[in-house]
Amino acid sequence: MLRLGEVARRRVGSAAFLLGLSTLPVVAACTTNHDALARQPPAGGSGGTGGSAGFGTGGFGNTGNEAQGGRVNPDDEPLGDDVLTVVNGVVDAAAVRLCFARLDEEGNAELVGSPLSELAYAGHVVLTELPELSFDEDVIQPWVIAGDLARIEDLDCADAVDVAREAERIVEPEPEPEPEPEPGTGGAGGAEGGVGGAPAAGDAGEASGADVAARAAAKGEKPALRARALPALPAGTVAIGRSILMVLSGCLGGAAYDGSGVSSVCGDDYAPDAPTVQPVVVKLSRELRFDKVALQGVHAALAIGSADLRVEGGNGSTALVFASSLRFGEIAPRPADTRFSPAELGLADARFGLQAIGAGAAVLHEAPWPSVLEASGLPELAAGRTYTAVLLGPAPRLFQGGWWNAPAFALVDNDPTRQ
């Protein structure tokens, strides 16, 4: 159980960001497998009333019994602890610290508490509660802070976000001076511009966020810190007796986080002033067999296409596929795959590990079990437990050494509070 330090409160607007960055739209912008997340009606019931685009409600995944033409609920499992596991898959940050805010009915964010401990790329943190926030009653908005994290070491979340915003503001170049108006175009009675040669309404002469980012990028200036608000988790998302996984994916953006081929790092819609950072939120299976290692896979690599996840040992060994044709934001299988024993998965053999396979059987990424476990902070994969492998990062075979992380796997325990 993770408890945070002393709680501090401050209201922050959820509209304007520096460099023209606006907070992502609350709630709806999450990349979410709603069918795998939503609160389920009782099996055999009539399902929801039309469903919902939000989390935690609606009829997704269970639309009545098979005899009535409905589907079996693939997540019909016994309830357990309310758990939220957060994986850091932010592509343009070596590590992040997380803050949380409560949103009111108008969408205003009230930051509370202190930043969580530093979370390395491909690492995860397990949350069973947040001080001053209720999983059941509050709309909770995560905030991500990256950069020189020592600068916010002793700050609460409200001050940490302020410091990060200031760090971005100071790398913005001074606005270019306005050209002198040509004779007859300005001044009193001029045909163009406002009174006295002032810019016309709607043309304040200020550089756009994109212009600022482009000039700062050209000078190679990166902000010391960056802070971004993510779409919020509606009240009740985590309070459903299930284990919920939230993967931070995409890029935070900002000045100097640009270059050719950037879509292969951050996704097609990315620009320095248009971040693609977003949460992938799914519900994890607790299905298990006591002599097997149960597995699921999540695709959280925005710049990678459809992929299969499998265990491979080379030297003619049989590849064991446990998640097929995953697209970004999806989890599979549901429930978890419980076919394989520790010996079959090669857990005691350093030659075995995880592979992501793309079109044409191309290997998108692979990593041996020891490195996957080390990056994920897990001592082992044990029989009788269930785990999820998460595909992270940019497109494969991208030149390394830039401002982005490499492709990676994260691994999480689906039932981390069970002894």
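Summary of values
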quantity	calculated
Test: residue in the stretch 299-311 that is touching a residue at least 12 places away in the same chain (Cβ under 8 Å), touching a strand residue (DSSP E or B) at 6+ places or on another chain (Cβ under 7 Å), surrounded by fewer than 23 Cβ atoms within 10 Å (Cβ to Cβ) and not in a loop (DSSP other than H, G, I, E, B)	yes
Test set (1) surrounded by 22 or more Cβ atoms within 10 Å (Cβ to Cβ); (2) farther than 17 Å from residue 156 by Cβ; (3) not hydrophobic (A, V, I, L, M, F, W, C) - residue 106 fails condition number	(1)
Some residue of the stretch 383-391 being touching a Lys or Arg at 6+ places or on another chain (Cβ under 8 Å), assigned to a loop (DSSP other than H, G, I, E, B) and small (Gly, Ala, Ser)	yes
Residue check for residue 294: surrounded by fewer than 22 Cβ atoms within 10 Å (Cβ to Cβ) and hydrophobic (A, V, I, L, M, F, W, C)	no
Qualifying position, being touching a His at 6+ places or on another chain (Cβ under 9 Å), over 23 Å from residue 251 (Cα atoms), part of a strand (DSSP E or B) and of a type in the set (Gly, Ala, Ser), among 323, 336, 356	323
Residue among 323, 356, 336, 383 that alone is over 30 Å from residue 79 (Cβ atoms) and of a type in the set (A, V, I, L, M, F, W, C)	356
Some residue of the stretch 127-147 being closer than 26 Å to residue 254 by Cα and surrounded by fewer than 18 Cβ atoms within 10 Å (Cβ to Cβ)	no
Residues satisfying the stated conditions in the stretch 284-323, i.e. charged (D, E, K, R) and under 20 Å from residue 346 (Cβ atoms)	289, 291, 292, 308, 310, 312
Hey, residue 323 surrounded by 23 or more Cβ atoms within 10 Å (Cβ to Cβ) and either in contact with a Gly (Cβ under 6 Å, 6 or more places away or on another chain) or at pLDDT 95 or above (or both) or not	yes
Within the stretch 76-93, tally of residues that are assigned to a loop (DSSP other than H, G, I, E, B), under 14 Å from the mean Cα position of the chain (by Cα) and hydrophobic (A, V, I, L, M, F, W, C)	3
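Residue-wise test of (1) assigned to a loop (DSSP other than H, G, I, E, B); (2) touching a Cys at 6+ places or on another chain (Cβ under 6 Å); (3) β-branched (Val, Ile, Thr).
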site: 96; (1), (2), (3): no, no, yes
site: 115; (1), (2), (3): yes, yes, no
site: 125; (1), (2), (3): no, no, yes
site: 143; (1), (2), (3): no, yes, no
site: 150; (1), (2), (3): no, no, no
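Rundown of residues vs (1) buried (at least 17 other Cβ atoms within 10 Å of the Cβ); (2) among the polar types (S, T, N, Q); (3) at pLDDT below 95, yes/no style:
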| site | (1), (2), (3) |
| --- | --- |
| 353 | yes, no, no |
| 369 | yes, no, no |
| 383 | yes, no, no |
| 386 | yes, yes, no |
| 390 | yes, no, no |
| 402 | no, no, yes |
| 410 | yes, no, no |
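The values are calculated or read from the model by the stated rules, or taken from the named source; none is laboratory data. Bear in mind the structure is a predicted one, so any value in this text is a computation, not a measurement. All Cβ positions, glycine included, derive from the backbone under ideal geometry; neighbour counts span all protein chains shown.
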